[in-house]
1. Sort Glu71, Glu38, Glu152 by Cβ crowding within 10 Å, fewest neighbours at the top.
2. Specify the longest stretch of the chain that does not include any exposed loop site, a site being one of the trypsin sites (Lys or Arg not before Pro) with a non-H, G, I, E, B DSSP assignment and at most 13 other Cβ atoms within 10 Å.
3. By a straight-distance test (C-alpha under 18 Å), which aspartates and glutamates pair with Lys141 as possible cross-link partners, with residues fewer than eight away in the same chain excluded?
4. Going by how many other beta carbons lie within 10 Å of each one, how would you line up Cys148, Cys9, fewest first?
5. Please report, to one decimal in angstroms, the Kirkwood hydrodynamic radius of the chain built from all distinct Cα-Cα pairs.
6. Relative to the longest principal Cα axis of the chain, at what angle does helix 41-77 sit, 0 to 90 degrees, rounded to 10?
7. Per-residue ellipticity at 222 nm for the chain, helices alone: DSSP H runs ≥ 4 residues times -39500 (n - 2.57), over residue total, nearest 500 deg cm²/dmol?
8. Where does each of Val166, Val107 land when they are ranked from fewest to most other beta-carbon atoms within 10 angstrom?
Amino acid sequence: MLVICFVLCTLNYGSMAILGYLMYGDDVKSQVTLNLPEGKIGSKLAIYTTLINPFSKYALMVTPLATAVEERLQLAAGSGSGSGRGSSSKRSVNVLVRTLLVVSTVVVAIAVPFFGHLMALVGSLLSVMAAMLLPCIFYLKIFGVARCSRAEVALIATIIVLGSVVAAAGTYASVKKIVLDY
C-alpha cells in the first residue's frame, strides 16, 4: 500500500508540475494559484479549494502541541478533584491555549520578515526526511538488506542519495535567501 501511495503521489505531483510548465512556460509562478486568470469562477473555486488545505494541516499539526500544553496545565492545576465545574473550566483553558497558539503563530509570521524563507528551510529539511529518506531507511531496517533484492536495494539507495541531494540543495537555497535578503 505504501508503494502504491508513493507512486500515485509522485505521478500526481509530477504531472501537475509538468502540466503547469507546459501551460505557462517560463512564466510559471511558485504558487499555482498565482497563474490562474483573475475574475473567473473556476479560478476562484480553485483558490478557495486550496485554502482548505492549510486550515486542515494547521489544525493537525497544532493539536499534539495544544494537547501537551493542556495536559501540563491540568497537571499543574491538579484537576483531579472531581468537582462539577471542572469540565467548563477545562474547556475554557483548552480554548484559551488553542487561541494563544494561533495568535502566537500569526505574530511570529508577521514579526519575522523572512518567515516564508524560514519555513522553506524547515520544509527542505523535514519534508524530504519525512517523505523520502526515513521511509527508505525504515524499510531497510524492517526488512533488512539481506532479504531485499539487488534492484530493490539499488532503487532505495538511489532514492536516499537523490533525497539527500534535494535536502542539501533546498537547505542551501533557503539559507542563501535568508542571508542575502536580510
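Read the figures in this text as sums done on the coordinates, not as results from a lab. It should be emphasised that the depicted structure is a prediction, and the values quoted were computed from it without experimental measurement. Using ideal geometry, Cβ is built from the backbone for each residue, glycine included, and neighbour counts are taken over all protein chains shown.
1. Values: Glu71 11, Glu38 6, Glu152 14.
Ranked by crowding around the Cβ, least crowded first: Glu38, Glu71, Glu152.
2. Numbers: sites that count: Lys29, Lys40, Arg85, Arg147.
So the longest stretch without any such site is 86-146.
3. Hits, sequence-local ones excluded: Glu152.
4. Numbers: Cys148 15, Cys9 11.
Ordered from fewest to most neighbouring Cβ atoms within 10 Å, Cys148, Cys9 come out as Cys9, Cys148.
5. On the way: mean 1/r = 0.0480 Å⁻¹.
Result for the chain stands at 20.8 Å.
6. The angle comes out near 50 degrees.
7. Details: 6 runs with 142 residues, N = 182.
Roughly -27500 deg cm²/dmol at 222 nm, from the helical runs in the chain.
8. Values: Val166 16, Val107 10.
Going from least to most buried by this count: Val107, Val166.
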